[in-house]
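Quick notes on the structure that follows.
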Amino acid sequence: MITVNSDLPYMIQRIITAHELGHAMLHADSGMHAFHELALFDESSRCEKEANLFASELLISDDDFFGALDDGQSFSQAASSLNVPAEFLDFKVRLMKEKGYELGDSPITANSKSLKSMTVPDYYEYGC
């Protein structure tokens, strides 16, 4: 069972759900773990990194990723057009590099900062 706080912005709810689904699919044998806000972008844990990469693959198609970046938008604008925070788009960049695509470095490096520090456009606050 995945439970998500409905008071969070819709964008964050989607990411948490996809992230936790990643744990369920990839780490089912590791037992139940409660979500901790600081863990979502924690790169010190292999399991957290894998769940973040899974979530980025689930929520951002390769075609949409390249479409947003090829559209002449800034990194932050591309993230906004993909309905994800810029920090989350960094995980997709890393994944695409692992797939063998030659891409420049992301201007943002997601880390263990809390979800509260992510830039979430106001219009996502109400699930639009």
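Within region 66-90, being closer than 22 Å to residue 20 by Cα and without any contact (Cβ under 8 Å) to a residue 40 or more places away in the chain holds for 79, 82, 86, 89, 90.
As for region 110-121, it holds at least one residue that is modelled with pLDDT under 85, outside any loop (DSSP other than H, G, I, E, B) and either surrounded by fewer than 17 Cβ atoms within 10 Å (Cβ to Cβ) or touching a strand residue (DSSP E or B) at 6+ places or on another chain (Cβ under 8 Å) (or both). For residues that are in a loop (DSSP other than H, G, I, E, B) and over 14 Å from the mean Cα position of the chain (by Cα), scanning just region 58-87, find the one that is modelled with the lowest pLDDT. Selected residue: 71.
The values are calculated or read from the model by the stated rules, or taken from the named source; none is laboratory data. Values in this document were obtained by computation on a predicted structure and should not be read as measured data. Using ideal geometry, Cβ is built from the backbone for each residue, glycine included, and neighbour counts are taken over all protein chains shown.
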